[in-house]
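The values are calculated or read from the model by the stated rules, or taken from the named source; none is laboratory data. Only a predicted model underlies this, so the values are computations on that prediction, with no experimental measurement involved. Note that we place each Cβ from the backbone using ideal geometry, even for glycine, and neighbour counts take in every protein chain shown.
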């Protein structure tokens, strides 16, 4: 599978690109870390195989839907993936919806990187799918994620999904 690794978005500090087939170790470094999964009900990825299966889903999203999660690196170190951010198409109560996602290595925490990257991917989603609702599904105990979503303009809808996560909606977009 030929994958374009040209950045699809840049910010002052960051490069965002589509995932590539060789990103399995980077996915595992972030998703296999217990610290990054503190609020994840399924916990960290147990092994590289699980991360590579996740990566294949992400690659398929881009190939089939033209949108998905991005790898994120610093412009000063483009070879090192520090996290993942993006929007992935799914169905929420029967409505095609974009899920805003962000997960980063603890070394990237507290520096505004997740917010910077998420803003870039929200802009991209607005260009690629302007009529598709955007939500973030967040565990009530995950205060850092809730704060980030709110800083980006998402607001809790007062409704939870089937797994009990709060549904945060992006205003100004259609409602799922």
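Can you find a residue that is at pLDDT 95 or above, buried (at least 19 other Cβ atoms within 10 Å of the Cβ) and either part of a helix (DSSP H, G or I) or in contact with a helix residue (DSSP H, G or I) (Cβ under 7 Å, 6 or more places away or on another chain) (or both) anywhere in segment 91-100? Among the residues of segment 91-100, at least one is at pLDDT 95 or above, buried (at least 19 other Cβ atoms within 10 Å of the Cβ) and either part of a helix (DSSP H, G or I) or in contact with a helix residue (DSSP H, G or I) (Cβ under 7 Å, 6 or more places away or on another chain) (or both), which makes the answer yes. State whether one or more residues within segment 12-21 are without any contact (Cβ under 8 Å) to a residue 12 or more places away in the chain and either within 24 Å of residue 166 (Cβ to Cβ) or in a loop (DSSP other than H, G, I, E, B) (or both). No: segment 12-21 contains no residue that is without any contact (Cβ under 8 Å) to a residue 12 or more places away in the chain and either within 24 Å of residue 166 (Cβ to Cβ) or in a loop (DSSP other than H, G, I, E, B) (or both). Pull up segment 35-56, narrow it to residues that are without any contact (Cβ under 8 Å) to a residue 60 or more places away in the chain, in a loop (DSSP other than H, G, I, E, B) and in contact with a helix residue (DSSP H, G or I) (Cβ under 8 Å, 6 or more places away or on another chain), then point me to the one that is farthest from residue 102 (Cα to Cα). Top of the filtered list is 47.
When segment 1-32 is limited to residues that are crowded, with 16+ Cβ neighbours inside 10 Å and under 14 Å from residue 79 (Cβ atoms), the one that is modelled with the lowest pLDDT turns out to be 7.
One residue alone among 148, 137, 154 is touching a helix residue (DSSP H, G or I) at 6+ places or on another chain (Cβ under 7 Å) and on the phi < 0 side of the Ramachandran plot, and that residue is 148.
Every residue in segment 86-104 that is over 19 Å from residue 139 (Cα atoms) and in contact (Cβ under 8 Å) with a residue 12 or more places away in the chain, please. Scanning segment 86-104 gives 89, 95, 96. Residue count for segment 117-138, restricted to those that are assigned to a helix (DSSP H, G or I), surrounded by 14 or more Cβ atoms within 10 Å (Cβ to Cβ) and either touching a strand residue (DSSP E or B) at 6+ places or on another chain (Cβ under 8 Å) or at pLDDT 95 or above (or both): 8. Scanning segment 64-83 for residues that are closer than 20 Å to residue 123 by Cα and touching a residue at least 60 places away in the same chain (Cβ under 8 Å) gives 66, 67, 70, 74, 75.
Take the residues in segment 139-167 that are in contact (Cβ under 8 Å) with a residue 60 or more places away in the chain and surrounded by 12 or more Cβ atoms within 10 Å (Cβ to Cβ), then tell me which one is farthest from the chain's Cα centre (by Cα). Here the residue is 161.
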